[in-house]
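Q: First the structure, which I've put down as structure tokens, then a few questions once you've had a look.
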Amino acid sequence: MSRAVLRSGVWLGFYILILWSWWMMFTMSRNMDLDWIGRPGPMGEAMRAMDPRMDMYMPMAEFGPLFWMWAIMMAAMMLPTLVPTLRSYDDLIRSANGTRAGWIGVLTGYFIVWVGFAALITGVQLILLFGGIVDMLGIAKSGFVAGGLMIAVGVFQFTRAKEVCHGVCHAPMTYFLGHWKTGFLGGLRMGLGLGAFCVGCCWGFMALGFVGGVMSLMWMGLATFFMVLEKLPQVGHVITRPLGFALIAGGLFLLVHPFTLGG
């Protein structure tokens, strides 16, 4: 098999994975009210204790199904943002001693980190749900909570932590040159590092799901769009602070005009 055919096949598989992830999210979002009612369980008993009218168990209140949803969401939203990084490694396959196994290693390490973040934010959502802060769809019940979260994420856009993490995501070639390791294990190690910086850069956009609804395709699309823009070499460094100003303004609006968001 020629290198060109192998390269095309690997990239095709990558894009198919992205399309499959978005299709799964579309399907789950569309069928949430119809198909996500499952068998009774411990979490269902807890929900019925909180609200006797609830005689059916919702998987969105249990770790396993909710983690599965977040993991697919991570793939749908974050894999498109990895394209500039994988293209940078692709250049090193042709100009240095990068390998296709290393390319796959980078992708694998990156995905492992974001799946770990999916587990973390699943736990956060369950805490917020049983604390009465968000509803079953993960939407904040109070405009004060939503506004405060938007302001916090907006302020983060101006911090040194955001600058450092965004700098790595914005210029992956620099990271590769400074942490270069060969082979699959080398790529895996670099992918883990890149994934950690990416979580540090983009966690706020994920947290905003508690404002727009974690199953909202509109929120997912907008968040993915802005995260991709932040990583583009030509415009990424230009939009970070304007996004911060926009988020702070939106959060202040919700604080001044609070209203009930969730059920």
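Q: How about segment 132-162: which of its residues are under 25 Å from Ile248 (Cβ atoms), without any contact (Cβ under 8 Å) to a residue 40 or more places away in the chain and among the small types (Gly, Ala, Ser)?
A: Ala161
Q: Residue under question is Val168, and the condition is that it be touching a Phe, Trp or Tyr at 6+ places or on another chain (Cβ under 8 Å), modelled with pLDDT under 95, buried (at least 17 other Cβ atoms within 10 Å of the Cβ) and not in a helix (DSSP H, G or I); does it hold?
A: Spelling it out, it is not the case that Val168 is touching a Phe, Trp or Tyr at 6+ places or on another chain (Cβ under 8 Å), modelled with pLDDT under 95, buried (at least 17 other Cβ atoms within 10 Å of the Cβ) and not in a helix (DSSP H, G or I).
Q: Please verify whether segment 186-207 includes one or more residues that are surrounded by fewer than 19 Cβ atoms within 10 Å (Cβ to Cβ), out of contact with any Cys (no Cβ under 9 Å at 6 or more places or on another chain), free of Cβ contacts under 8 Å to residues at least 24 places away in the same chain and assigned to a helix (DSSP H, G or I).
A: Checking segment 186-207: not a single residue is surrounded by fewer than 19 Cβ atoms within 10 Å (Cβ to Cβ), out of contact with any Cys (no Cβ under 9 Å at 6 or more places or on another chain), free of Cβ contacts under 8 Å to residues at least 24 places away in the same chain and assigned to a helix (DSSP H, G or I).
Q: If you check every pair at least six apart or on different chains, which have Cβ atoms under 7 Å apart with a residue in segment 1-21 that is without any contact (Cβ under 8 Å) to a residue 24 or more places away in the chain and among the aliphatic types (A, V, I, L, M) first and a residue that is surrounded by 13 or more Cβ atoms within 10 Å (Cβ to Cβ) and not in a helix (DSSP H, G or I) second?
A: Nothing qualifies.
Q: Let me ask another. Please go through segment 92-112 and pick out each residue that is farther than 18 Å from Gly9 by Cβ, assigned to a helix (DSSP H, G or I) and either touching a Phe, Trp or Tyr at 6+ places or on another chain (Cβ under 9 Å) or at pLDDT below 90 (or both).
A: Within segment 92-112, Leu92, Ser95 qualify.
Q: Any residue at all in segment 125-145 that is in contact with a Lys or Arg (Cβ under 9 Å, 6 or more places away or on another chain) and among the hydrophobic types (A, V, I, L, M, F, W, C)?
A: Looking through segment 125-145, at least one residue is in contact with a Lys or Arg (Cβ under 9 Å, 6 or more places away or on another chain) and among the hydrophobic types (A, V, I, L, M, F, W, C).
The values are calculated or read from the model by the stated rules, or taken from the named source; none is laboratory data. As the structure is a computational prediction, the values presented were derived from the model and not from experiment. Heads up, the Cβs are rebuilt from the backbone with ideal geometry, glycines too, and the neighbour counts pull from every protein chain shown.
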